[in-house]
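Participant: Below is a structure I'd like to ask you about.
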Amino acid sequence: MAKPTSIGAIELSSIGIGYRVQDEMLKAATVELLIARTICSGKYFIIIGGLVSDVKAAISVALNISDEAVIDHLVIPNIHESVMAALGQSVVLAADAAGALGVVESFSGVSIIAAADAAAKAARVTLFRIHVAMALGGKGFCLMTGTVADVRAGVGAAAAEVRKRGLLVSEVAIPRPSRELFEEYI
């Protein structure tokens with residue numbers, strides 16, 4: 001399958017239910033499994049991609065069979081192209097590409113994906129990391145860089161997305177970060 005433009009994600013409080021939900025989602029529609037794994041703290045995280053109608057159908061099935069195990073879910077019909085690269089931790093910044101630093105932190109992995117997509121669509125930022133729940137107690141965060149104005153706009157849009165879900169932990173824009181903050185990405 002080509003890089004999907006539509007994704008769906010679901011975060012569940014049960015690993016066992018997560019495996020069952022993943023199986024049913026894949027049987028319900030023609031979708032590609034992009035990520036399926038256990039995450040901290042004892043949760044299960046699934047991202048699928050495909051045509052909007054198929055992604056919606058698969059997420060609908062997941063919601064119908066997962067009972068109270070759903071922590072958060074989403075469907076993004078037109079995901080920004082930079083989100084999956086940042087989620088896959090495959091973004092390498094050039095030394096001169098690092099500008100202001102934006103950080104948004106949430107209490108769920110699904111909400112941080114929605115936040116990153118909102119940031120990338122709202123401002124000319126470079127998403128360079130989306131970290132979901134591993135060694136974070138179930139939280140997620142995204143990192144972005146760009147001009148001070150763009151980073152502030154991106155952080156604002158991302159934080160608004162997470163805030164409306166009631167899951168915002170922090171939103172930070174650092175205008176002149178020390179180069180060491182980018183060291184592992186340059």
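Participant: Of 18, 99, 59, whose Cα points farthest to the positive end of the dipole of the chain (charges on the beta-carbon: +1 Lys, Arg; -1 Asp, Glu; origin at the Cα centre)?
Facilitator: Positive-end residue among those listed: 99.
Participant: I'd like to know how region 4-57 sits against the 2.2 N^0.38 Å rule of thumb: what's its Cα Rg over that expected value? Intermediate values should be presented prior to the final figure.
Facilitator: Details: Rg = 10.7 Å, N = 54, 2.2 N^0.38 = 10.0 Å.
Taking N as the residue count of region 4-57, the ratio is 1.07.
Participant: Distance between the C-alpha centers of region 1-55 and region 111-186? Whole Å please.
Facilitator: 23 Å
Participant: Now for a different question. Along the charge dipole of the chain, which of 147, 45, 82 sits closest to the positive end, that is, farthest toward it, with unit charges on the beta carbon of Lys, Arg, Asp and Glu (+1, +1, -1, -1)?
Facilitator: Comparing the listed Cα positions along the dipole, 147 ranks first.
Participant: Would you compute, from DSSP H runs of 4+ residues alone, the mean residue ellipticity of the chain at 222 nm, taking -39500 (n - 2.57) per run and dividing by the full residue count, rounded to the nearest 500?
Facilitator: On the way: 5 runs with 64 residues, N = 186.
So the helix-based figure for the chain works out to -11000 deg cm²/dmol.
Participant: Next question. Quick query: amide H of residue 34 versus all other amide H atoms, modeled in the peptide plane; which residues come in under 5 Å with a sequence gap of 5 or more or a different chain?
Facilitator: Those qualifying (amide H under 5 Å, at least 5 residues apart or on another chain) are 47, 48, 49.
Participant: OK, next. Could you point to the label whose value was computed as Rg and Dmax of the Cα atoms in Å for the structure here, given [x] 16.9, 50; [y] 16.2, 49; [z] 17.4, 63?
Facilitator: Given [x] 16.9, 50; [y] 16.2, 49; [z] 17.4, 63, the structure-derived one carries the label [y].
Participant: Could you pull the Cα extents of region 41-88 along its three principal axes, largest to smallest, in whole Å?
Facilitator: 32, 29, 11
Participant: Can you list the HN-Hα couplings for region 66-82, worked out from phi with the Karplus curve (6.51, -1.76, 1.60; θ = phi - 60°), rounded to whole Hz and with x for Gly and Pro?
Facilitator: Karplus values, whole Hz, x for Gly and Pro: 9, 6, 8, 7, 6, 8, 7, 7, 6, 10, 10, x, 9, 5, 5, 4, 7.
Participant: Another question about this same structure. List the residues whose amide H sits under 5 Å from the amide H of residue 101, counting only those 5 or more places along or on another chain, with H placed 1.01 Å from N in the peptide plane.
Facilitator: When sequence neighbours closer than 5 places are left aside, the close amide H contacts are 174.
Participant: What relative contact order, as a whole-number percentage, does region 1-131 give when Cα pairs under 8 Å and 6 or more residues apart are counted? Please report the intermediate quantities before stating the final value.
Facilitator: Numbers: 223 pairs, mean separation 37.7, N = 131.
It rounds to 29 percent for region 1-131.
Participant: Given the Cα-Cα distance of residue 37 and residue 92 and 0.36 nm per residue of separation, how much length would full extension add, in nm?
Facilitator: Working: separation 55, 0.36 × 55 = 19.80 nm, distance 2.42 nm.
Using 0.36 nm per residue and subtracting the Cα-Cα distance, I get 17.4 nm.
Participant: Taking amide H positions as placed 1.01 Å from N in the peptide plane, with prolines and chain starts having none, which residues 5 or more places from residue 40, or on another chain, fall under 5 Å of its amide H?
Facilitator: HN-HN under 5 Å from residue 40: 134, 135, 136, 138.
Participant: Please count, across the chain, the pairs of lysine residues with Cα atoms under 19 Å apart that sit 8 or more places apart or on different chains. Present the calculation step by step, with values, prior to reporting the outcome.
Facilitator: Details: 3/56; 3/121; 27/56; 43/139; 121/164; 139/164.
Going through the chain pair by pair, I get 6.
Throughout, read-outs are computed from the coordinates displayed, never taken from laboratory work. These numbers come from a predicted model, not from an experiment. Don't worry about glycine lacking a Cβ; one is built from the backbone with ideal geometry, like all the others, and counts go over all protein chains shown.
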